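Inspection log for the structure reproduced underneath, given as structure tokens.
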Amino acid sequence: MKQYEVTFAGFGGQGIMTAGQLLAYAGMAEGKKVIWLPSYGPEMRGGTAYCTVVISDRRIGSPVINNPAALCVFNRPSFDKFAPRVKSGGLLIVNSSLINVSSDRKDLTQLLVPANEISLKAGTPKAANIVVLGAFVAASGVVDFKTVKSVVKDKMGFKKNLLEINLKVLKQGYELALDMLHKKEKV
């Protein structure tokens with residue numbers, strides 16, 4: 001891995017920044033160079049929100065990434081804005097619970113993850129971001145799953161009632177993505 005960039009995008013309140021931060025912490029825990037760059041719309045809750053995480057094994061030249069290798073998208077306006085920017089050969093993870101379209105691009109790997117549904121079945125609507133984070137880690141391999149799991153425990157352990165759910169949906173997102181990728185390989 002030389003350098004890997006991912007953008008998490010959605011609206012305020014979906015845990016976009018948290019997902020990016022957790023990934024950044026996981027990169028740091030593995031001794032990699034990391035940049036986390038947040039961007040908010042005019043309103044924090046309900047407005048647009050996105051962040052870019054760059055993880056590298058060498059110094060990072062710029063935190064500004066216009067064409068990321070991956071996109072984890074949580075709502076339709078963000079899908080419309082950011083999906084065309086993903087690099088050819090890249091990864092697109094779509095929260096299919098809230099986005100009823102998919103990209104017609106053939107030059108990337110696309111995973112439709114029903115993150116909100118998985119989160120609700122686990123007991124809270126607040127863990128959809130963790131579902132997508134798990135799927136991203138499985139599909140990208142940019143950090144180890146055990147590292148992300150440890151970071152979630154460390155950074156989110158103060159919410160005891162949600163920690164068990166977060167760990168459960170992190171694993172479910174991870175396993176779902178692995179299963180989807182395995183099926184794509186067979187086709």
What number of residues in the stretch 1-14 are surrounded by fewer than 23 Cβ atoms within 10 Å (Cβ to Cβ) and either among the small types (Gly, Ala, Ser) or within 10 Å of the chain's Cα centre (by Cα) (or both)? 2
Among the residues of the stretch 57-78, count how many are modelled with pLDDT of 95 or more, small (Gly, Ala, Ser) and assigned to a loop (DSSP other than H, G, I, E, B). 1
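Which of the residues spanning the stretch 113-133 are touching a strand residue (DSSP E or B) at 6+ places or on another chain (Cβ under 9 Å), in a helix (DSSP H, G or I) and either in contact (Cβ under 8 Å) with a residue 60 or more places away in the chain or crowded, with 24+ Cβ neighbours inside 10 Å (or both)? Write out each step before concluding.
Restricting attention to the stretch 113-133, the residues satisfying the condition of being touching a strand residue (DSSP E or B) at 6+ places or on another chain (Cβ under 9 Å) are 113-116, 128-129, 131-133.
Subset that is in a helix (DSSP H, G or I): 115-116, 128-129, 131-133.
Once the filter is applied, which keeps residues that are touching a strand residue (DSSP E or B) at 6+ places or on another chain (Cβ under 9 Å), in a helix (DSSP H, G or I) and either in contact (Cβ under 8 Å) with a residue 60 or more places away in the chain or crowded, with 24+ Cβ neighbours inside 10 Å (or both), the stretch 113-133 yields Ala115, Ala128, Asn129, Val131, Val132, Leu133.
For residues in the stretch 93-112 being out of contact with any Ser or Thr (no Cβ under 6 Å at 6 or more places or on another chain) and of a type in the set (A, V, I, L, M, F, W, C), which is surrounded by the most Cβ atoms within 10 Å (Cβ to Cβ)?
By that ranking, first place goes to Ile93.
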For the stretch 89-105, name all the residues that are in contact (Cβ under 8 Å) with a residue 24 or more places away in the chain and part of a strand (DSSP E or B). Leu91, Ile93, Asn95
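From the set of residues in the stretch 148-161 that are within 20 Å of Cys72 (Cβ to Cβ) and over 15 Å from the mean Cα position of the chain (by Cα), which is surrounded by the fewest Cβ atoms within 10 Å (Cβ to Cβ)?
Selected residue: Lys155.
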Selection within the stretch 5-56 - farther than 17 Å from Gly141 by Cβ, modelled with pLDDT of 95 or more, assigned to a strand (DSSP E or B) and β-branched (Val, Ile, Thr): Thr7, Ile35, Thr52
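Condition test on Val86, is it surrounded by 14 or more Cβ atoms within 10 Å (Cβ to Cβ) and touching a residue at least 40 places away in the same chain (Cβ under 8 Å)? Lay out the reasoning, then the answer.
Values: surrounded by 14 or more Cβ atoms within 10 Å (Cβ to Cβ): yes; touching a residue at least 40 places away in the same chain (Cβ under 8 Å): no.
So Val86 fails the test.
The values are calculated or read from the model by the stated rules, or taken from the named source; none is laboratory data. A quick note: this is a predicted structure, and the numbers were derived from the prediction, not measured. Ideal geometry is used to build each Cβ from the backbone, glycine not excepted, and the neighbour counts take in all protein chains shown.
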